[in-house]
Amino acid sequence: MHEKMNAKMEAREINFYYGAVRALKNINMSITGNTVTAIIGPSGCGKSTFIRLLNRMHELVAGSRVEGHVYLDGKDILDPTIDAVDVRRSVGMVFQKPNPFPKTIFENISYGLTVNNVRDKDYIEAKVVESLKKAALWDEVKDRLKDNALRLSGGQQQRLCIARCLAVGPEVLLFDEPCASLDPISTGKIEELMLELKKNYTIVIVTHNMQQAARVSDTTGFFLMGELIEFGKTQDIFTAPKNKQTEAYITGRFG
Amino acid sequence: MKKRFSQRIGFGILWLCMAATLFFLGSIIYFIVVRGAGVFSWQFLTDVPRKSMTAGGVAPAIAGTVYLTMGAMVFALPLGIACAIYLNEYSPRGFIVNIIRMSINNLAGVPSVVFGLFGLALFVKSFKFGVSILSGSLTLGILVLPLIISAAQEALMAVPQSLREASLALGATHWQTIKRIVLPNALSGILTGAILSIGRIAGETAPILFTAATFYNRGFPKSIFDEAMALPYHIYALMTEGTHPDQQTAIAYGCALILLLLVLAISASAIIIRQRQRRFHA
Ligand SMILES: Nc1ncnc2c1ncn2[C@@H]1O[C@H](COP(=O)(O)OP(=O)(O)OP(=O)(O)O)[C@@H](O)[C@H]1O
Ligand SMILES: [Mg+2]
């Protein structure tokens, strides 16, 4: 709790275990508010494990265990007395594969509000419109809010998932490879959107795409085999990495 | 050459097996239709048995079978779905839950006459429900419980994990996720499983033998504490008792035909529900 400065989120001495397997080793990371932080690293290095920890989604995995602290505005969200439901309201998550509910577009967005006991119809409607606008989807769906969300294209579905997330009113947004199943045009739209969202939100994104990390992020962390090898300004990491392994990875000379 | 020859033989054997199966299935339906259709009439479906079961209809038996199966479902469906939800969504995956699962699967293999004896001891005697629709329904319900649980579990497992994660990540509680995402998506699967199990219990004889069925009723049962006639038991009674075997045999085939049609109709409705749901989700 000492040198928090203006960190929005902060991971302190995180160790994570799947049963006996240690998937994260002594991770320390400080995430500044209103920035985009990219998490890169080869497959299986623990990127998803780390990001899911930030809104306590790791609890869904039976037999997993975490040591350490994750602070959100100075409050330890891993503290068992804190309700995971409250954490997830403040820290939203968008997944690799778009996962809209098999409901209408409107219901997809309003779901997060109604489960949090918002009943006011006018407020919900206003929020749905606002969220769709923020996610740059409004113009494409404004005439078909009653359509089944599964009829949208993959890219539209992913923006719907972002809108759904925004409606709950989070402060931090976690993206786990949000563009992995999208074409370049949809990917471009989502990247643009992130730069826009950064003004009001703090964003953490896992990506396998180096150009994407370079384009959208302010800070980059390189993970390797459960360790945070290098963490710093994106510009520095991509132009003058301090670590040999980081350099090997970003120049593509690495598995 | 040789390879192709042995492939031919292989296919030939498979084809023969399938043809034999179809033959038996077809001949069952053929026999029952041919022998049962003769007694079919409006009166047969709506009247009570007359002239010591050599004339009239079998309406009380039809009603009894419907009451018994409906009673069993009213009891077993909520219980089975609740168990499946607990096992699939709540219970920690571990040793004890595995044992519970195994016991449920084994329960499905217990001979139905054993359920009948159990129902006699528990519902008829201990609970003093007597030989009644209530006792028979509860016994049939316990018999069908494992089927419903495993059908419901399968349907719950088919709901993608990604939907559960999406819901939880939006700040929904576990229970809200089950109620608003998991159950609605599993519902058609659960219902088809349940409907198919109705077909399974409609024809059961042994479980109702000591718990609900009566050889002959003048009219229709008036409450759940009354005994009831039922189609499968009525067939059994017609074939083993009475003094006019010829007329009785014809009526027995008529009852068999009704049972067959009932089960076919039930299965068909399950298929239709499944198709509808597929179309909606596509
Ligand atoms: N549910 C789980 N149970 C056991 N081990 C797991 C589980 N999930 C992940 N692991 C292991 O933890 C390690 C880190 O996995 P993680 O999914 O965090 O990697 P990742 O960096 O996100 O990989 P990718 O880029 O392929 O998504 C891997 O070795 C993986 O096998
Ligand atoms: Mg991953």
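Quick look at the numbers
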| read-out | value |
| --- | --- |
| Nonlocal amide H pairs with A:ALA23, under 5 Å, H built at 1.01 Å | A:PHE16, A:TYR17, A:TYR18 |
| Sparse-neighbour loop sites [chymotrypsin sites (Phe, Trp or Tyr not before Pro); the range B:4-38; at most 14 other C-beta within 10 Å; DSSP] | none |
| Projected-area average for the range B:56-281 over all orientations - Cα convex hull basis, square nanometres | 14.5 |
| Euclidean distance between Cα centres, the range B:204-282 to the range A:38-72, Å | 57 |
| Members of the range A:109-154 that become less accessible by 50 Å² or more once partner protein chains are added (1.4 angstrom probe, chain alone as reference) | A:TYR111, A:VAL115 |
| DSSP-defined antiparallel bridges as percent of all bridges, chain A, nearest 5 | 60 |
| The protein assembly as shown - charge dipole about Cα centre, Lys and Arg +1 at Cβ, Asp and Glu -1, debye rounded to 20 | 1120 |
| Positive-end residue, the range B:56-281 charge dipole about Cα centroid, Cβ charges, pick of B:ALA155, B:ILE208, B:LEU68 | B:ALA155 |
| Cα centre as origin, Lys/Arg/Asp/Glu Cβ charges: the range A:6-108 dipole, Debye | 360 |
| Bins of 10 Å, starting at 0 and running to the largest distance - Cα pair percent for chain A | 7, 30, 35, 21, 6, 0 |
| The range A:41-148: trypsin sites (Lys or Arg not before Pro) falling in loop per DSSP and having at most 15 other Cβ within 10 Å | A:ARG119, A:LYS142, A:ARG144, A:LYS146 |
| When each of A:LYS47/A:LYS233; A:LYS121/A:LYS199; A:LYS97/A:LYS121 is checked by Cα-Cα distance, pairs over 23 Å | A:LYS121/A:LYS199; A:LYS97/A:LYS121 |
| Per residue value of the accessible surface for the protein assembly as shown (all protein chains in place, 1.4 Å probe), Å² | 50 |
| Vicinal HN-Hα couplings computed from phi for the range A:40-45 (Karplus, 6.51 cos²θ - 1.76 cosθ + 1.60; Hz; Gly/Pro x) | 10, x, x, 4, x, 7 |
| Amide H contacts under 5 Å for A:THR104, placed H, 5+ residues apart | A:ALA149 |
| Contact surface A-B: accessible area buried, both sides summed, square angstrom, 1.4 angstrom probe | 1800 |
| Using a Förster distance of 41 Å, the FRET efficiency for B:ASP246-B:VAL74 (Cβ separation, nearest 0.05) | 0.55 |
| Estimated FRET transfer efficiency (B:VAL263, A:VAL118; beta-carbon r; R0 56 Å; 0.05) | 0.70 |
| Amide H contacts under 5 Å for B:THR214, placed H, 5+ residues apart | B:ALA228, B:MET229, B:ALA230 |
| Angle in degrees between helix B:59-85 and the longest Cα principal axis of chain B, rounded to the nearest 10 | 20 |
| Two-site FRET efficiency, A:ILE185 against A:VAL61, from Cβ-Cβ distance with R₀ of 22 Å, rounded to 0.05 | 0.05 |
| DSSP beta bridges in the protein assembly as shown [antiparallel fraction, %, rounded to 5] | 60 |
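The values are calculated or read from the model by the stated rules, or taken from the named source; none is laboratory data. Since this is a predicted model, take the numbers as computed values, not measurements. Here Cβ is always computed from backbone atoms with ideal geometry, including for glycine, and neighbour counts include all displayed protein chains. The accessibility values were calculated without ligands, DNA or RNA, using every heavy atom of the protein model including side chains. Shrake-Rupley method; radii C 1.70, N 1.55, O 1.52, S 1.80 Å.
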